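Visitor: Structure below; questions to follow.
The values are calculated or read from the model by the stated rules, or taken from the named source; none is laboratory data. No experiment lies behind these values; they were computed from the predicted model shown. When we count neighbours, we look across all protein chains shown, and the Cβ atoms used for this are built from the backbone with ideal geometry, even at glycine. Note: areas computed on protein heavy atoms with side chains; ligands, DNA, RNA excluded. Shrake-Rupley method; radii C 1.70, N 1.55, O 1.52, S 1.80 Å.
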Amino acid sequence: TGAKNSGKYVIPSISGLMHALYVAGGPMSNGSLRNIEVVRNSEVVRRIDLYDFMIFGRNVDDFVFQNEDVIRIPFFNRRVSLEGEFKRPAIYELKDSESFADAISFAGGLNDAAFTSNILLSRYTKDQGIRYDNLSSDALNQTPMPGDRLIARKVEGPERQYLVIEGMVHNPGRQGWHPGIQLSDALVRA
């Protein structure tokens, strides 16, 4: 029930939570992956965070269902979008106690080509509309607002210290350059 097309599903008695969610079609796009509840006799008997399995590889299927158990999938509370040069860019759901640093950790961190000192924060505010700020290292421990976006850009800059050898050589293309390099050395390498 909840952020899912509600219904009754018959599953084998040995099925775990993941199988039950699979049979039911999983949470809808606005359903929580972090706060799934198993309700038995009107009481929550288990809370499941699917990130334990999806991101950390921990087993979440060690729960034995009983007849008439209900899996309740609430709507998500807060999400932050990580775009650009993250190892696993996506939209991540965060719990109330989690920060930008946690979201970046879920994404596996930044790629090698990321401009690490200039991560852009895009935030919607009612009075100013969409506002862009650079995310400082102090702000990494702050709690994101719903709908925040982090954009990690690629390091862009002029390419320097190379020379190009073209023409009738075995290996045309770029070569490293340094002061004092001789044309004859570059031709030998090509």
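Visitor: Please name which of N35, A114, G57 has its Cα lying farthest along the dipole of the stretch 1-135 towards the positive end, using unit charges on Cβ (Lys, Arg +1; Asp, Glu -1) and the Cα centre as origin.
Guide: The listed residue farthest towards the positive side: N35.
Visitor: Need one value: the accessible area of F115 in square angstrom, 1.4 angstrom probe, rounded to the nearest 10.
Guide: Looks like 80 Å² after rounding.
Visitor: On a straight-distance basis, which aspartates and glutamates could pair with K95 in a cross-link, Cα separation under 20 angstrom, same-chain partners fewer than 8 positions away excluded?
Guide: Within reach: E37, D49, D52, E83, D138, D148.
Visitor: Here is a follow-up. What's the extension gain from E166 to L140 if we count 0.36 nm per residue and subtract their Cα-Cα distance? Write down the numbers at each step before the final one.
Guide: Values: separation 26, 0.36 × 26 = 9.36 nm, distance 4.72 nm.
Result for the pair: 4.6 nm of gain on full extension.
Visitor: Keeping all protein chains in place, calculate the accessible area per residue for the chain (probe 1.4 angstrom), answer in Å².
Guide: Numbers: 12420 Å² over 190 residues.
Ligands and nucleic acids excluded, the result is 65 Å² per residue.
Visitor: Shifting gears a bit: Compute the longest continuous run of the chain that contains no exposed trypsin sites (Lys or Arg not before Pro); treat a site as exposed when its DSSP state is not H, G, I, E or B and it has at most 14 other Cβ atoms within 10 Å. Write down the numbers at each step before the final one.
Guide: Details: sites that count: K8, R58, K87, K95, K126, R160.
Result, exposed sites excluded: 9-57.
Visitor: Using θ = phi - 60° and the Karplus relation 6.51 cos²θ - 1.76 cosθ + 1.60, list the HN-Hα couplings for the stretch 88-101 in order, rounded to whole Hz, with x at every Gly or Pro.
Guide: So the J values, rounded to whole Hz, are 9, x, 5, 9, 10, 8, 10, 7, 4, 8, 9, 10, 4, 4.
Visitor: While we're here: Classify the stretch 58-121 from the C-alpha gyration tensor, please: rounded if a/c falls under 1.5, else prolate or oblate depending on whether a/b exceeds b/c. Working shown, then result.
Guide: Details: a/c = 3.57, a/b = 2.39, b/c = 1.49.
Note, shape of the stretch 58-121 comes out prolate.
Visitor: Next question, about the same structure. For the chain, with a Gaussian network of springs between Cα atoms less than 10 Å apart, report the residue from N67, N111, N77 with the top mean-square fluctuation.
Guide: Greatest mean-square fluctuation among the candidates belongs to N67.
Visitor: Hey, another quick one. With a 1.4 Å probe and all protein chains kept in place, how much accessible area does V10 have, in Å² rounded to the nearest 10?
Guide: 140 Å²
Visitor: Which percent of the accessible heavy-atom area of the chain goes to carbon and sulfur, probe 1.4 angstrom? Could the numbers behind the result be given before it?
Guide: Numbers: 6300 of 12420 Å².
The C+S portion of the solvent-accessible surface of the chain is 51 percent.
Visitor: One-quarter of the Cα convex hull surface for the chain, in nm²? The partial results should precede the final answer.
Guide: Numbers: hull surface 74.5 nm².
Mean projected area for the chain: 18.6 nm², to one decimal.
Visitor: For Q175 and F63 in one chain, what is 0.36 nm times their gap in residues minus the Cα-Cα distance, to one decimal in nm?
Guide: Length gained between Q175 and F63: 34.4 nm.
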